[in-house]
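Undergrad: Just passing along the structure, written as structure tokens.
The values are calculated or read from the model by the stated rules, or taken from the named source; none is laboratory data. What you see is a predicted model, and the numbers here were worked out from it, not measured in a lab. Cβ coordinates were reconstructed from backbone atoms using ideal geometry, including for glycine residues, and neighbour counts include every protein chain displayed.
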Amino acid sequence: MDLLAAIKERAKAEKKHIVLPEGTEPRTLKAAECIVKEKFATITLLGDSEAVKKAAAAVGADLKGVNIVDPVKSPDFESFSESYFKMRESKGMTREKAAETLKDPLYFGVMMVYAGQCHGMVAGAENATGNVLRPALQILRTKPGISSVSGAFLMISDNKQLGENGVSVFADCAVNPTLTAEQMAEVAFCSAETARELGGIAEPRVAMLSFSTKGSASHEAVDKVVEAVKIAQERYPDLLIDGELQMDAATVESVGQSKSPGSKVAGRANVFIFPSLEAGNITYKAVQRFAGAEAIGPILQGMAKPVNDLSRGCSIEDVVNTVALVCCQ
Ligand code: ACO
């Protein structure tokens with residue numbers, strides 16, 4: 001069974017409840033129909049009930065079994081906006097602004113997850129990444145011991161020599177424009193968890209990437225990666241991690257062993273941590289487009305409860321798959 005089929009099977013067993021705040025968005029509506037028919041999650045769509053039904057009729061989506069909640073008419077609206085106000089009061093939030101903000105389904109959806117009414121949220125078919133992330137970062141915040149949320153991709157290649165039988169994790173490809181050494185170490189830890197939880201990788205081997213391998217170049221950008229490896233080794237002693245490594249030293253056994261002899265990771269890495277969002281985002285798209293690898297994600301890792309972002313170019317299948325991922329997170 002391929003990885004996505006396995007994730008869907010697991011999702012079926014989890015029976016989670018997921019909120020999709022973009023309730024009038026055509027691909028989201030078709031995906032909601034498909035998920036409920038396949039019975040792998042309960043779905044709540046947000047929006048004005050008549051507008052949602054009209055949009056569904058326009059694309060021929062059957063919403064039987066799908067819940068529709070209009071944030072403004074919801075009996076939870078007042079308590080959610082009061083909770084949000086209290087959470088953000090020290091940041092200058094007022095009751096009026098909180099009520100206005102909660103009319104935005106992205107904020108209302110995250111509050112449903114925060115309140116435990118839904119297990120997770122998926123959005124982004126019509127909203128930019130930053131707009132999906134901001135309410136989740138403000139309200140749900142991070143898991144204990146983690147300070148930064150990051151975005152990973154499961155990269156699936158036909159070349160079974162790469163990663164773990166063709167499956168690799170790339171991060172951070174979606175969230176933090178710049179990373180400190182501390183954040184890079186955390187991304188390494190969270191990505192190893194993602195590799196285990198969602199990638200089916202029993203032994204994550206983490207390469208901390210750079211344009212240098214073991215001192216072949218000197219630059220402050222290299223120093224940051226070296227520092228990140230040191231922090232990760234101290235904080236997570238069980239993590240198999242090495243760096244700084246160039247991409248070839250991380251992936252090609254002969255190059256890895258000549259440049260980092262004796263390393264358990266070099267030449268055999270299956271988790272790849274990039275030193276900046278530029279490097280991570282450009283590389284995952286290059287591997288996807290030039291090499292034809294399948295890219296599943298971004299999977300937001302480190303958040304206290306799961307929220308995942310979609311690309312605005314997503315297909316119905318992408319929405320369905322992302323919901324399945326959230327169910328397993
Ligand atoms: N982890 C945890 N919390 C965070 C993080 C993070 N990585 N980043 C920001 N926060 C918190 C802040 O601490 C702040 O909390 P507070 O308001 O309680 O103090 C809150 O989130 C808002 O943070 P800001 O610094 O004001 O950041 P902003 O809202 O401007 O942006 C964001 C945060 C949206 C993540 C921004 O960094 C961003 O836009 N990143 C790039 C996203 C992107 O465009 N990715 C590429 C496309 S995705 C793709 O191609 C797959």
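Undergrad: Of all the residues that make up segment 275-311, how many are more than 13 Å from the chain's Cα centre (by Cα), at negative phi and outside any helix (DSSP H, G or I)?
TA: 4
Undergrad: When the residues of segment 146-167 are filtered to those that are part of a loop (DSSP other than H, G, I, E, B) and within 13 Å of the ligand (Cβ to nearest atom), which remaining residue is surrounded by the fewest Cβ atoms within 10 Å (Cβ to Cβ)?
TA: So the residue we want is S147.
Undergrad: Right, next: Report, ordered by the first and then the second residue, all pairs with beta carbons closer than 8 Å, sequence separation of six or more or different chains, a first member in segment 229-241 that is farther than 12 Å from Q183 by Cα, and a second member that is part of a loop (DSSP other than H, G, I, E, B) and among the charged types (D, E, K, R).
TA: Sorted first by the residue in segment 229-241, then by its partner, the pairs are L240/E203; L240/K264.
Undergrad: I need a count of the residues in segment 1-58 that are in a helix (DSSP H, G or I) and of a type in the set (S, T, Y).
TA: 2
Undergrad: Hey, another quick one. Can you tell me how many residues in segment 171-216 are more than 21 Å from L4 (Cα to Cα), outside any loop (DSSP other than H, G, I, E, B) and touching a residue at least 60 places away in the same chain (Cβ under 8 Å)?
TA: Residues flagged as more than 21 Å from L4 (Cα to Cα), outside any loop (DSSP other than H, G, I, E, B) and touching a residue at least 60 places away in the same chain (Cβ under 8 Å) within segment 171-216 amount to 9.
Undergrad: For segment 80-96: of the residues being surrounded by fewer than 18 Cβ atoms within 10 Å (Cβ to Cβ) and either touching a residue at least 12 places away in the same chain (Cβ under 8 Å) or in contact with a Leu (Cβ under 8 Å, 6 or more places away or on another chain) (or both), which is nearest to I18 (Cα to Cα)?
TA: Across segment 80-96, the extreme among qualifying residues is S83.
Undergrad: Of everything in segment 90-110, what is within 15 Å of the ligand (Cβ to nearest atom), of a type outside the set (F, W, Y) and in a helix (DSSP H, G or I)? Give them in sequence order.
TA: Hits for segment 90-110 are S90, K91, K97, A98, T101, L106, V110.
Undergrad: Something else: Looking at L179, L209, which is the one that is more than 22 Å from L310 (Cα to Cα) and modelled with pLDDT under 95?
TA: L179
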